[in-house]
Amino acid sequence: MKSIRISFLLVFSVLFINNTLHAQSRAEHELHSMMIYNFLKYIQWPGDKNSGDFVIGVLKDDDVYNTLNTWYGNKERGGKKFIIKKFNSASEVTDCQLLYVGASASNQFEEVLAKIQSNATLTVSNKRGLGEKGSCINFKVIDGRLKFELNQAAMDKAGLKTSSQLAAMAILI
């Protein structure tokens, strides 16, 4: 009888822990949104790009746009007001400090880079190979875990300074 109770408690505990861990997992677009916001702590933009409104653009990813806008849109942090803009094509992209390029817009990546090349824009992407093509930061899933690549040459080209803490957390390419 005692062993049945112990077995029952053990099974119940395993199921409870498993369900709790499952409930704590987040949708990928929420993880991307949180990480995008946290990247801002580790990047320094040149001159006037560090003051006034801070514009985050999102190209072709409604889930990331909606999450960023809900969580951070029109909110202030460190004297900056966050403005979240949605772009449906590379031709619509205007001046922003950070541009997230969704996976469905990866075929427009070269056009995006050509359009923002003279701006100090942190590009964050979500498609294999875009880090090597010039994205400053590229999300990557390895062994079921979300990681990110950091392209220091792209950061330098954009005129952005990267904290060594961010570099230590990244896969350097």
Residues of the stretch 121-149 that turn out to be among the aliphatic types (A, V, I, L, M) and at pLDDT 95 or above, as a count | 4
Of (1) surrounded by 14 or more Cβ atoms within 10 Å (Cβ to Cβ); (2) aliphatic (A, V, I, L, M); (3) closer than 22 Å to GLN44 by Cα, ALA105 satisfies all except one. Which?
-> (3)
Here is a list of conditions, (1) outside any helix (DSSP H, G or I); (2) surrounded by fewer than 20 Cβ atoms within 10 Å (Cβ to Cβ), and VAL124 meets all of them except one; can you say which number that is?
-> (2)
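Would you confirm whether or not the stretch 64-71 contains a residue that is in contact with a helix residue (DSSP H, G or I) (Cβ under 7 Å, 6 or more places away or on another chain), part of a helix (DSSP H, G or I), more than 21 Å from ASN138 (Cβ to Cβ) and modelled with pLDDT of 95 or more? Walk me through how you get there before you give the answer.
So the first thing to find is which residues in the stretch 64-71 are in contact with a helix residue (DSSP H, G or I) (Cβ under 7 Å, 6 or more places away or on another chain), and the list is 64, 67-68, 71.
Okay, now just the ones that are also part of a helix (DSSP H, G or I), so 64, 67-68, 71.
Right, trim to more than 21 Å from ASN138 (Cβ to Cβ) and you get 71.
Subsequent filtering for residues that are modelled with pLDDT of 95 or more retains 71.
Yes: one or more hits.
Being touching a residue at least 24 places away in the same chain (Cβ under 8 Å), assigned to a strand (DSSP E or B), over 24 Å from ALA27 (Cα atoms) and within 16 Å of the chain's Cα centre (by Cα) is the requirement here; does PHE54 meet it? If you could, list the steps in order and put the result at the bottom.
On the way: touching a residue at least 24 places away in the same chain (Cβ under 8 Å): yes; assigned to a strand (DSSP E or B): yes; over 24 Å from ALA27 (Cα atoms): yes; within 16 Å of the chain's Cα centre (by Cα): yes.
Answer is yes for this residue.
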Verdict on ALA90 being at pLDDT below 85 and either surrounded by 11 or more Cβ atoms within 10 Å (Cβ to Cβ) or farther than 19 Å from ILE116 by Cα (or both) = no
Has the stretch 113-121 got any residue that is over 27 Å from ARG26 (Cα atoms), in contact (Cβ under 8 Å) with a residue 24 or more places away in the chain, among the polar types (S, T, N, Q) and surrounded by 13 or more Cβ atoms within 10 Å (Cβ to Cβ)?
-> yes
Complete set of residues in the stretch 47-77 that are surrounded by 12 or more Cβ atoms within 10 Å (Cβ to Cβ) and among the polar types (S, T, N, Q) = ASN50, ASN66, THR67, ASN69
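The values are calculated or read from the model by the stated rules, or taken from the named source; none is laboratory data. What you are looking at is a predicted structure, and each value in this text was computed from that prediction instead of being measured. Using ideal geometry, Cβ is built from the backbone for each residue, glycine included, and neighbour counts are taken over all protein chains shown.
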